[in-house]
Amino acid sequence: MTTAAAVETVFRMESARIIAGVTRIVRDVGIAEELAQDALVAALEQWPVSGIPDRPGAWLMATARHRAVDLVRRKETYARKLAEVGRALEDVPPPAEPAGPDDIDDDLLRLVFTACHPVLATEARIALTLRLVGGLTTQEIARAFLASEPTVAQRVVRAKRALAKAGVPFEVPYGADREQRLASVLEVIYLIFNEGYAATAGDDFLRPSLCEDALRLARQLAALMPDEPEVHGLAALLEFQASRTAARTGPEGEPVLLAGQNRSRWNRLLIRRGLDALQRAGTGPYSLQAAIAGCHAAALRYEDTDWRAIATLYGRLVRLLPSPVVELNRAVAVSMAEGPEAALPLVDALAGEPALRSYHLLPSVRGDLLERLGRDSEARAEFERAASLTRNARERDLLLGRAAALAGLSP
């Protein structure tokens with residue numbers, strides 16, 4: 001790996017923590033992101049000469065914090081800022097804050113709640129937090145939103161400006177303010193996990209660091225808000241999904257579909273944690289998705305999966321959260337419970353949905369149904385179309401391999 005590649009990798013892993021730590025000093029997420037980028041540029045200039053430091057993440061954090069200190073010192077309000085940040089202006093970590101029962105003792109979680117301030121529209125909150133906390137690119141956020149890249153880029157820029165203009169503090173929200181931001185926080189954590197669970201683009205099917213960050217945030221949020229059923233629903237869902245990670249890729253990093261996964265590689269500890277969280281979940285959308293994931297976790301073999309229960313749960317989820325993606329997932333469950341002939345009309349009915357026009361899983365599911373019905377030439381065309389839509393190299397190889405198999409060719 002080249003030094004430049006190492007810098008990019010470390011920054012991708014550490015950027016959220018750097019931005020959160022710097023925001024504590026400058027109290028402006030937009031400026032904090034710029035200072036984090038400045039630290040990245042410094043690493044690109046210095047590491048090829050001095051070598052990669054033993055603790056590259058700490059180096060980036062220290063560099064960004066030094067620049068933040070210099071910026072604060074240049075401001076006319078330095079004395080007031082000094083009183084606010086205390087020892088954060090020294091080259092040592094700030095002292096631990098007393099942890100009250102309602103405190104969020106984690107800068108990353110503080111950053112999530114700050115970016116989800118009600119001064120922003122819901123979609124802007126989510127886009128900004130995915131950018132700052134998840135480290136997602138504009139392209140990845142656009143894919144998660146099923147929106148255009150320019151639209152998402154504008155949301156991020158406007159969101160940072162709105163937070164700065166409103167003077168939103170980097171602080172722990174309490175009471176009604178915290179409740180008001182919770183829905184956006186849950187959706188942010190969910191989308192961050194999903195990007196790690198099935199990467200939008202690139203050579204890797206999984207991005208485990210994103211899954212780990214999202215799962216950690218979900219667990220902390222559950223500990224912080226023990227009486228919120230949907231918080232536990234999200235935590236249960238992510239525990240169940242994370243339990244399958246080791247079985248979702250093969251020796252060369254290629255995707256392994258659910259039917260072909262070695263379930264002995266599923267993490268039983270995470271499944272138990274998911275079951276415990278599910279006991280405290282409710283009937284909201286995350287809780288229903290957790291119940292669906294729990295059905296998969298309960299099946300020791302793929303053939304033992306209770307697809308009728310899953311189809312029923314998806315039916316409830318569609319009524320609660322109407323969405324073409326949920327409808328597509330329900331169609332898959334119906335195909336397993338009642339056969340592909342029952343599901344194909346459901347999938348065909350989604351063909352005109354604008355939000356699914358570039359969604360590769362629509363032709364992928366349709367191709368699977370057609371293959372099971374023996375309509376191989378049609379199925380091959382659908383797999384090829386799905387391959388043309390995905391930006392993930394691993395998924396593309398899988399889809400082209402299925403298409404080649406139906407044509408009797410070597411992948």
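Which condition from (1) farther than 21 Å from Leu356 by Cβ; (2) over 16 Å from the mean Cα position of the chain (by Cα); (3) open to solvent by less than 60 Å² (accessible area, probe 1.4 Å) is the one that Arg158 breaks?
If we test Arg158 against (1) farther than 21 Å from Leu356 by Cβ; (2) over 16 Å from the mean Cα position of the chain (by Cα); (3) open to solvent by less than 60 Å² (accessible area, probe 1.4 Å), just (3) comes out false.
If Leu269 meets every condition in (1) modelled with pLDDT of 95 or more; (2) in a helix (DSSP H, G or I); (3) within 22 Å of Glu187 (Cβ to Cβ) apart from one, which number is that one?
The failed condition is (3).
Which of the following residues is over 22 Å from Met13 (Cβ atoms), at pLDDT 90 or above and out of contact with any strand residue (DSSP E or B) (no Cβ under 6 Å at 6 or more places or on another chain): Gln154, Gln180?
Gln154
Taking the stated definitions as given, is Glu179 touching a Leu at 6+ places or on another chain (Cβ under 9 Å), farther than 30 Å from Ser388 by Cα and surrounded by fewer than 20 Cβ atoms within 10 Å (Cβ to Cβ)?
No.
Could you run through segment 335-392 and say how many residues are surrounded by fewer than 20 Cβ atoms within 10 Å (Cβ to Cβ), of a type in the set (S, T, N, Q) and over 26 Å from the mean Cα position of the chain (by Cα)?
1
Could you please give the count of residues in segment 352-380 that are more than 28 Å from Ile141 (Cα to Cα), assigned to a helix (DSSP H, G or I) and in contact (Cβ under 8 Å) with a residue 12 or more places away in the chain?
8
The values are calculated or read from the model by the stated rules, or taken from the named source; none is laboratory data. Predicted, not measured: the structure shown is a model, and the values here were computed from it. Neighbour counts run over all protein chains shown; Cβ positions are idealised from the backbone, glycine included. Ligands, DNA and RNA are stripped out before the accessible areas are found, and what is left, the full protein with its side chains, is counted by its heavy atoms. Shrake-Rupley method; radii C 1.70, N 1.55, O 1.52, S 1.80 Å.
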